[in-house]
Structure formats: structure tokens, C-alpha cells
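Peer 1: Pasting a structure here, questions to come.
All of the numbers you see were taken from the coordinates with simple rules; none came from a lab. In this text, all values refer to a predicted model and were calculated from it rather than measured experimentally. FYI the Cβ positions are ideal-geometry reconstructions off the backbone, even for glycines, and counts take in every protein chain you see.
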Number of protein chains: 4
Amino acid sequence: MAAFQSEILVRFGHCDAAGWVFYPRYFEMISDFVEDWFEEGLSASAPGLFHHKQILTPSVHFTVDFVKPTRYGDRLTFNLWTVKIGNTSCELRIEASHQGELRMRVRQVLVFIGAGSGRSTPIPPELISRMHRFALEEAAAPEHTSPPPASAPAARKRKVRASP
Amino acid sequence: MAAFQSEILVRFGHCDAAGWVFYPRYFEMISDFVEDWFEEGLSASAPGLFHHKQILTPSVHFTVDFVKPTRYGDRLTFNLWTVKIGNTSCELRIEASHQGELRMRVRQVLVFIGAGSGRSTPIPPELISRMHRFALEEAAAPEHTSPPPASAPAARKRKVRASP
Amino acid sequence: MAAFQSEILVRFGHCDAAGWVFYPRYFEMISDFVEDWFEEGLSASAPGLFHHKQILTPSVHFTVDFVKPTRYGDRLTFNLWTVKIGNTSCELRIEASHQGELRMRVRQVLVFIGAGSGRSTPIPPELISRMHRFALEEAAAPEHTSPPPASAPAARKRKVRASP
Amino acid sequence: MAAFQSEILVRFGHCDAAGWVFYPRYFEMISDFVEDWFEEGLSASAPGLFHHKQILTPSVHFTVDFVKPTRYGDRLTFNLWTVKIGNTSCELRIEASHQGELRMRVRQVLVFIGAGSGRSTPIPPELISRMHRFALEEAAAPEHTSPPPASAPAARKRKVRASP
């Protein structure tokens, strides 16, 4: 199936004194992008989950490769796939490219927890079924000029370690 | 009386693609510096006020001049004086300098509010008395190579507009 | 004439532990919004000015009132008017509202400088004429439920102090 | 050998609307902490490398586990060890704990590159020898109440993939 896709413009304030994106700003972009996926891809407002259902979705794991540097003014295309969908957690794969050139590759694990208890809580069933629409199929795996990382297939099969 | 003083190192991530401090990062420095003033200058932990007394101190006003740019690696000396101390709000003057050269001049107004009600709440009396120790005296006014701004004396006498 | 307008969604990461927008994040929004104004309102790419013309537009002054707090998930409508357009600097007025309720009011002064020299440089003439399209007319002054600040008219007439 | 250690106070602005550290802020802490390691641990000023030697040290890889959430006002103890020191890159292990409880575990790969060329450049020899002082010895591996991750030993032995 298709990835969830969005474009993010690299702002002046995303860049550091070397003129490239400062890596904490990449994580801000990821946070915004995943919020947009909830809103537009899963039809589940992230603020709504928080304010009305008291559900939080903290990230508990990241594996990130910054493949090439990115400059002020570049427009990055972000793609997101679901890799593993568990009962209370899900694993995402995110890639950011500029004009077809891979800039960042991310494996991210989110857990669903109750804001009051701080404990893991089941992902609402309607979200689970929508998450499956973005499942990364082997045949649909992204292609890039750079070879895929050796560890990626293993990562995809690895069980999610959800330890909030 | 003496100003509250602290030194802040300009980090790589504070700077933008031009190599100078990006102005939102200056406001992060101000936020951290005012937290340190609460902790060390007023003997009142800001996290403690928040967690235990449910008191928040949002800023409702800023007047800021960025007098000279600041580079990665510069060590800024921050100074803070109280200018006006009201029942539920206080006005601060903050200056940041590098080796005696003024870089930023700030007028900031904080209000005290209850986290639950969102309404203004009296500043705890012990804080008020400690705030007076940092009062900006006319005679102790800071001197700089650059002339003081024409609007500053008026600003100092203007009544605090506290509108949370 | 019409203001330049854009909508900004308040993100999870914009908010602080109290659940409201943390003020340095407001300044990040302002920075992005002014970049969008350059790109869409002035047909002058901010990255292009930086990369190709070596022109920077640092902010040298802010007067900001945070009128009401803003929560995660709110959609803020930003409006921008030009107040004073000089040879090497311009003064902007920016307002952010949520469903017609004013949340933030900003006076900002930008200067144009050469990236190499660090000295002020004339605003390109084609930008000046486009800036005038967003001039704040008295008749077109924004209306709000809250009364306009007493200091605003004076501020509008005050000469720009551009001192980087 | 001993880790490089530093304490970082969790600020109001580090926390999100849920009251916990927002993960992009953790990466800002990591960036500052690694800068301090250069300055204090390696006697090599990071701004100096940048300004005078035109050497940049971008991060090209992160593997991060957020083991437990962290609240406003917590004081985190950061520890850093070198895991692998190559010719132009080094792999670090960083852990952040609060009162002995592990909060974050990081594997980070830095590369040294020339600011002008954008190409990898040898780590200055005096830095290499100082980096070895912080080498993670198996016998000195950190202990925690939580079991070590299954993947950590493998990660430690894995060759650095330095792909700027």
C-alpha cells in the first residue's frame, strides 16, 4: 500500500551554524509529521486523543541514519510506513528525501499509554485497522540510489520492545 | 542592589544558518535564566511552584532589542533586575552582554496564576520581599557604550499591564 | 490593503508542561510566518536572498503581548501588516488569533544586512513596492474584542531604531 | 576507565503538554553534552574546531531507547563512553539517569568532516588519544535495574557506518 506522505520545508531556524539541519530539528519534523499522520492518515486527531481520550503516544525507540546533509530552503518529502502493529505499540519506518535523494532513514516505536495511569493501553481498534493501510510491503519497499541498510530487514522482523 | 547574574554559553544549536544566535533561542535562554533566578535568587524552585503549589508564571509582555549579533561559542553574561513588583505580576529588566558589550536588552512582564483556575493569584509574600533585593535603582542603572534607549525611562515607570 | 495571512497549527512540541504554548515557540512561529511572507507575499524567497544574494534579515526589535494562552491543537490565524518601510529596515505588525480571539500582538523590526559585511544594505526596490501592499491603513486596522493597546498608535509613528 | 559525566536540569521548556521531556529536547541535551565533552573531556573547544579549524562533527547515526519518562525539574546525570574510535568517525554510548534510574540509552556515531569540502577528515591525533580515556570497558559496563537490551553487545561490536 501507499506510504503516508507530506512535504516539509527546511526553515532558517532548522539549520545550525554550519548551514545544515541541526539534528534535534529533524526530530521536531518527525514529531509534526507523525501528528499529521494521525490527523490525516488515521483520521484520529492527536490533540483529540490527548484532550478527550487522555491517550498519549510517546516514542520509546529511535534508530536513525542521517544519510546526507540538508540545507536551508530544501523541501523534504517525508514518507511513513507501518512495520509492526502490536496491541499497545507500533513500529514505523520514516524516510525523508530531497528530490529523490535519501536524507534520513528512521525506525520509530510508539506506545499508547493512559495519561493518568502512565501505563500502556490498547490502541483503539479503528486505529489499528487504519494503520494496516500503511503497512510496508516487501514489494513496495522504497528504492534509493544508496543501497538499503544491512540491518533493515532484521529490524523489520524484530519484535517491538515497548518499554515506556 | 546587585543584579542576579548568570553566564550562558552559546551552543551550536542556538545559531542559525548565518552563524548567529537565532532569536527564538534567545527566548529559551531567557526562560532558563528566569528559572535560575527563581531557584537561586528567590530561593523558590520554579518546578516546586508548579508541581506543589500549582502556580504558573507565564510571560505576558516582552520588549526586546537585539543590539548586536552573537556567535557560536560566545559566553553571554545575563543580568536581571526587578523594575516593578505588583500584587500578581512583576516586571523585569534583563540584559545580556559579551565581554562588556551589550547584545540584548529585555523588558519582561510575568504574571502569577493558578494552574487550575488560570486566574491571577497573589505573588507569595516571601517572594515579594526577595524580589525587592534585585530592584533596579536609578543610581545603579547599567552603563553601556551604546546610549540608553529613549523609551527606557518611560518604560520603567509605565504601569504593568498584566493580561494573562 | 489586506494583511498577509496564514494558519499555524499548535503542535504538541509547541506546548510546555502547563499545556500552553511556550513563548519561545511563538517566536519560532513568527520566524516561519515571516519567511512565508517573503516567499508568498513578496515573491522573494528567503532562502534565495540568503544563498544567492547574501542578504540576511535579522530582527532587531520585538514588542510582544501575549493576550491569552493557547492550547495544543488550536489553529492560530496569523496576520501581518507593514507599519513603516525604511531604506534598510522595516517594521511589521503581526497578530495571532484563534477563532477571532486575539492571542498575541507583535511589533517587529527587521533590518537588511549583507551576510559578508554584517552592515545594513538597502532593501531591494522590488521588495519595497510589494511591502507597501501590506501597509496597515488606519481604516483597515484590525478590530478585536479586547481594546487596542494604548501604546500602539505611538509605536506606529515611532521611528525605526535599526541598530544591529 | 571513567565515563565523562555531567548533570542537566530538566527545564520547563524541555517538557511537552503531557509534562514529560519532549524527545527533540533530549537530542538538544545530547548535543550540548557532547559539546561539553569536547571542551572539558577532550580539551578541544567545539567552537574552536568550527571557527578555527573548519572541522564539523555531524552525527550520522542514533540508536535511542527512552526507557522511562522524565519530568520537569528532574536532574539528569549524563554519562558518555567511547565505543569505537575510527580514523574519521567515533561511536559513543550515552546514558541519562535520574537518581540511579535509567531514563535514556543512546548509541551515537559522529563523523569528522571539513566544513569547506563536506568530506570526512581524520580526527586530530591528540583527540584520538584523549577519546581512548573514555573507552567503555566490558568490566566497567554500566549496571542498571532494567536488564541490558539484547542488541547492545552486538551494537558495541558493530563496525561504525559513517555515511555523511
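Peer 1: Can you put D:E101, C:E7, A:E39, B:E91 in order, fewest other beta carbons within 10 Å first?
Peer 2: C:E7, D:E101, A:E39, B:E91
Peer 1: Additional query: Which entries in the list B:K68/C:K53; A:K68/B:K68; C:K53/C:K84 go over 26 Å, if you measure between the two C-alpha atoms of each?
Peer 2: Where the Cα-Cα span goes over 26 Å, the pairs concerned are A:K68/B:K68.
Peer 1: Give me P(r) over segment D:64-110, computed from all C-alpha to C-alpha distances, binned every 5 Å, as integer percentages.
Peer 2: Taking all Cα pairs of segment D:64-110, the binned fractions are 6, 22, 26, 19, 12, 9, 5, 2 percent.
Peer 1: What residues have an amide H closer than 5 Å to that of B:G86, excluding those fewer than 5 places away on the same chain, when H is modeled at 1.01 Å from N in the peptide plane?
Peer 2: Residues meeting the criterion, in which the H sits 1.01 Å from N, are B:E91.
Peer 1: To continue, here is another question. Placing a label point 7 Å from Cα toward Cβ, how far apart in nm is D:S43 from its equivalents in the other copies, listed shortest first to one decimal?
Peer 2: 4.2, 6.0, 6.5
Peer 1: What does the average come to when, for each residue of peptide A:4-13, you count the partner chain Cβ atoms lying within 10 Å of its Cβ?
Peer 2: Per residue, the number of nearby Cβ atoms from other chains is 4 on average.
Peer 1: Rounded to the nearest 0.05, what FRET efficiency do B:H52 and D:Q5 give with R0 = 35 Å and r taken as the Cβ-Cβ distance? Could you check?
Peer 2: About 0.75, to the nearest 0.05.
Peer 1: Give me, ordered by chain and number, the residues 5 or more places off A:D74 or on other chains with an amide H under 5 Å from its own placed amide H.
Peer 2: Here the answer is A:V10, since their amide H atoms fall under 5 Å of that of A:D74.
Peer 1: With a cap of 12 neighbouring Cβ atoms within 10 Å, and only residues DSSP puts in a loop, list the trypsin sites (Lys or Arg not before Pro) found in segment A:80-129.
Peer 2: Filter output for segment A:80-129: A:R119.
Peer 1: Next question. With the Cα gyration tensor of segment B:17-146 in hand, convert its eigenvalues to equivalent ellipsoid semi-axes via √(5λ) and list them largest first in whole Å.
Peer 2: Three semi-axes, in Å: 27, 17, 12.
Peer 1: Sticking with this structure for a sec: Starting at the first residue of segment A:94-107, write each ³J(HN,Hα) from the Karplus equation 6.51 cos²θ - 1.76 cosθ + 1.60 with θ = phi - 60°, in whole Hz, x for Gly and Pro.
Peer 2: Values, residue by residue: 10, 10, 10, 10, 10, 6, x, 9, 5, 10, 8, 10, 10, 10 Hz.
Peer 1: 7 Å along Cα→Cβ for the label point: how many nanometres lie between A:G118 and each equivalent label in the other copies, listed shortest first?
Peer 2: Shortest to longest, the spacings are 2.7, 4.6, 4.8 nm.
Peer 1: How far is D:G100 from itself in the other copies, in nm, if each label sits 7 Å out from Cα along the Cα-Cβ line, shortest first?
Peer 2: Result, one decimal in nm: 5.1, 5.8, 6.0.
Peer 1: Average partner chain C-beta neighbours within 10 Å, per residue of C:65-76?
Peer 2: Across C:65-76, the average partner-chain Cβ count within 10 Å equals 4.
Peer 1: Run the simple label-point estimate for D:T77 and C:H132 please: 7 Å along Cα→C-beta, distance reported in nm.
Peer 2: The modelled label-to-label distance comes out at 6.7 nm.
Peer 1: Mean separation of Cα pairs under 8 Å and 6+ residues apart, divided by the residue count of segment B:1-127: what relative contact order is that in percent?
Peer 2: Computed over segment B:1-127, the figure is 27 percent.
Peer 1: List the residue from chain B whose beta-carbon is nearest to the axis that rotates chain B onto chain D, together with that distance in whole Å.
Peer 2: Residue with the nearest Cβ, plus whole-Å distance, for chain B: B:E28, 5.
Peer 1: Please report, for the Cα atoms of segment C:97-139, the Rg to one decimal and the Dmax as a whole number; what are they, in angstrom?
Peer 2: Expressed in Å, the Cα Rg and Dmax of segment C:97-139 come to 15.4, 44.
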